[in-house]
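One structure is given below, encoded as structure tokens.
The values are calculated or read from the model by the stated rules, or taken from the named source; none is laboratory data. Please read all numbers here as calculations on a predicted model, not as lab measurements. Note that we place each Cβ from the backbone using ideal geometry, even for glycine, and neighbour counts take in every protein chain shown. Areas reflect the complete protein model, heavy atoms only, side chains present, ligands, DNA and RNA absent. Shrake-Rupley method; radii C 1.70, N 1.55, O 1.52, S 1.80 Å.
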Amino acid sequence: MRIGELSRDTGVDIQTVRYYEKAGLLLPPTREANGYRAYGPAHLERLAFIRHCRALDMPLADVRRLLEFMARPDADCGDVNRLIDGHLARVRARLASMRALEKQLAALRAQCETNHAVRECGILDELVAAAHGEACACHETDAAPPTDSPKVVGTLQPPRTAARARAARGSNRRPAKR
């Protein structure tokens, strides 16, 4: 089969197929007399394997290692397990980070519950306050800001300070200073 067929059958873009060949993940195909690449069932299977690994968000280095493990079918699979355990740990860390981001965005969104003039927008007030080094609703903490954090001065002028904005919205809670 030609590269277009391989691409269609696996759902992998033609340029990506060529990249995998150059990277050594996909074995070089034979060439027909006219110079076209000729792929066989082994290419199809290997490319489908690579695509599935990539769909699981595995980095190419890990995919390469899995392919190397497959080339040694009698070897112990402990290294395969460790590789997947490492990937699973990275995914779990990203999930925890995404949950924290979700909480921050929800806290920020809660600063502007209704539609009104932009000059009264609690979300923008909080973002500008944070840009000025003040505490903000989405980063509540008891810790002081790092001493090397830049102090923003100048172009972002809040319509009012975050404290005044919270008071105007009737929020009696004040985020801890950063």
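Taking the stretch 80-104 as the region of interest, how many residues are touching an Asp or Glu at 6+ places or on another chain (Cβ under 9 Å) and among the β-branched types (Val, Ile, Thr)?
The number of residues fulfilling the criteria is 2.
For the stretch 108-132, which residues satisfy the criterion of being surrounded by 15 or more Cβ atoms within 10 Å (Cβ to Cβ) and in a helix (DSSP H, G or I)?
Leu108, Glu120, Gly122, Ile123, Leu124, Asp125, Glu126, Leu127, Val128, Ala129, Ala130, Ala131
Would the stretch 75-92 turn up any residue that is touching a residue at least 24 places away in the same chain (Cβ under 8 Å), surrounded by 15 or more Cβ atoms within 10 Å (Cβ to Cβ) and within 17 Å of the chain's Cα centre (by Cα)?
Yes, because at least one residue in the stretch 75-92 is touching a residue at least 24 places away in the same chain (Cβ under 8 Å), surrounded by 15 or more Cβ atoms within 10 Å (Cβ to Cβ) and within 17 Å of the chain's Cα centre (by Cα).
Just for the stretch 10-40: of the residues that are assigned to a loop (DSSP other than H, G, I, E, B) and either hydrophobic (A, V, I, L, M, F, W, C) or in contact with a Cys (Cβ under 8 Å, 6 or more places away or on another chain) (or both), which one is surrounded by the fewest Cβ atoms within 10 Å (Cβ to Cβ)?
Ala33
Among the listed residues Leu105, Leu60, Leu101, which satisfies the condition of being open to solvent by 80 Å² or more (accessible area, probe 1.4 Å) and within 20 Å of the chain's Cα centre (by Cα)?
That would be Leu105, the only listed residue that is open to solvent by 80 Å² or more (accessible area, probe 1.4 Å) and within 20 Å of the chain's Cα centre (by Cα).
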